[in-house]
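These notes concern the structure reproduced below.
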Amino acid sequence: GAKSRGSNAWCFFHEDMTQAARERLELEARLRRALDQGHMRLYYQPQIDLQTGRLMGAEALLRWLDPEEGLISPARFIPVAESSGVIGPLGLWVLGEACRQGQQWRTAGLPDLTIAVNVSLHQFLLTDLVGATNQVLAESCFPAEFLELEITESALAEKPEDALAVLTRLRELGLRLAIDDFGTGYSSLAHLKRFPLDLLKIDQGFIRDIPHSADDMTISSSVIALGHAMGLKVLAEGVETREQLAFLQEKGCDYFQGYLCSRPVPAEDFTRLLEKARDGLPLVDIAVAAEP
Ligand code: C2E
Ligand code: MG
Ligand code: MG
Ligand code: MG
């Protein structure tokens, strides 16, 4: 009858949840082990000046190099790291590694570049990010002015007053602040104006369908104008084609990142890009894109 069907339905649902919970726990334990055993890597993606084609910076992107599974994407494990608290030690490792690598490139006499590091919501609001950043900068000797922290719009929207306090203290350390995935969250423009920011990163979702989506072209050019009106630089994420590059150039966007220049690459490969930049070679032929 209805009762036994109800109870079966509950059982099915319950077992399903248990399975999901078990998988989460297993992933969490593997994640902790991977961090302890040195299986985490940072890849670096160039950030290019849209008007000159010059290399300006690099975004550090986390990879988990599992001996059996191979490369595991952050999309799969960052959410687990966030909800389990592993993001504390993991985020600290990312910050430390990025600053150590940045300082290594500096002491090798390679061109100055900003290193951008992603900070997740829990790391931003629930850990001592200011203290950790301060300590990492001191230990690595990497100058604060070359470090940029990327915070998503949603992290800022969650608790705007707390966010403002943390951002203000981070800015006092001398580093730069970027809003990541701009346009996908629900931050109020009024709050945005009060935050001490340097850069808006237009989410790649708005770049992907340029020049075929008139809406996305309107949104992107509006974000560029908005960012500039607020005194910020603007970077477009996920630029893959020359058409996209030409459009962004025309709209006065400052920087871009994307497969058109390079995928995120291991530090050793990024060193080659830096050597090219040092020798005055462009990483992207900007002039070609500007032609009609
Ligand atoms: P994100 O910070 O918005 O990073 C941009 C993502 O777009 C990266 O994916 C990058 O590889 C990808 N991408 C870059 N150019 C192109 C392009 O031209 N086309 C396409 N289709 N994709 C492009 P990835 O490396 O898989 O990272 C995904 C997300 O994981 C990041 O998004 C960021 O939110 C998070 N993440 C990565 N590393 C870290 C980290 O160290 N800490 C934290 N908290 N989150 C991280
Ligand atoms: Mg990012
Ligand atoms: Mg992004
Ligand atoms: Mg993203």
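So which residues in the stretch 188-211 are crowded, with 21+ Cβ neighbours inside 10 Å and either free of Cβ contacts under 8 Å to residues at least 12 places away in the same chain or under 18 Å from the mean Cα position of the chain (by Cα) (or both)?
Passing the criteria: 197, 199, 200, 201, 202, 203, 206, 207.
Which condition does residue 184 not pass, out of (1) within 16 Å of ligand 3 (Cβ to nearest atom); (2) of a type in the set (S, T, N, Q); (3) closer than 22 Å to residue 58 by Cβ; (4) surrounded by fewer than 21 Cβ atoms within 10 Å (Cβ to Cβ), if it passes all the others?
(3)
Going by what's in this entry, would residue 238 be described as away from ligand 3 (no atom under 16 Å from the Cβ) and either within 25 Å of residue 198 (Cα to Cα) or among the charged types (D, E, K, R) (or both)?
Judged against the criteria, residue 238 is not a match.
How many of the residues making up the stretch 101-121 are more than 16 Å from ligand 4 (Cβ to nearest atom) and touching a Gly at 6+ places or on another chain (Cβ under 9 Å)?
3
Looking for whichever is more than 27 Å from residue 137 (Cβ to Cβ), more than 16 Å from ligand 2 (Cβ to nearest atom) and either of a type outside the set (A, V, I, L, M) or in contact with a Ser or Thr (Cβ under 9 Å, 6 or more places away or on another chain) (or both) here; the options are 224, 202, 210. Which one fits?
Criteria check complete, one pass: 210.
Which strands (runs of 3 or more DSSP E) sit wholly inside the stretch 13-87 and have at least 1 residues that are within 17 Å of residue 237 (Cα to Cα) and in contact with a Lys or Arg (Cβ under 7 Å, 6 or more places away or on another chain)?
40-49
Looking at residue 141 and the list (1) under 22 Å from residue 273 (Cα atoms); (2) modelled with pLDDT of 95 or more; (3) over 15 Å from the mean Cα position of the chain (by Cα); (4) surrounded by fewer than 19 Cβ atoms within 10 Å (Cβ to Cβ), which single condition is not satisfied?
(1)
Might you let me know whether the stretch 232-246 holds any residue that is under 25 Å from residue 190 (Cβ atoms), over 21 Å from the mean Cα position of the chain (by Cα) and surrounded by fewer than 21 Cβ atoms within 10 Å (Cβ to Cβ)?
Within the stretch 232-246, none of the residues are under 25 Å from residue 190 (Cβ atoms), over 21 Å from the mean Cα position of the chain (by Cα) and surrounded by fewer than 21 Cβ atoms within 10 Å (Cβ to Cβ).
The values are calculated or read from the model by the stated rules, or taken from the named source; none is laboratory data. Small disclaimer: the values here were computed from a predicted structure and weren't measured. Cβ atoms come from the backbone with ideal geometry, glycine included; neighbour counts cover every protein chain shown.
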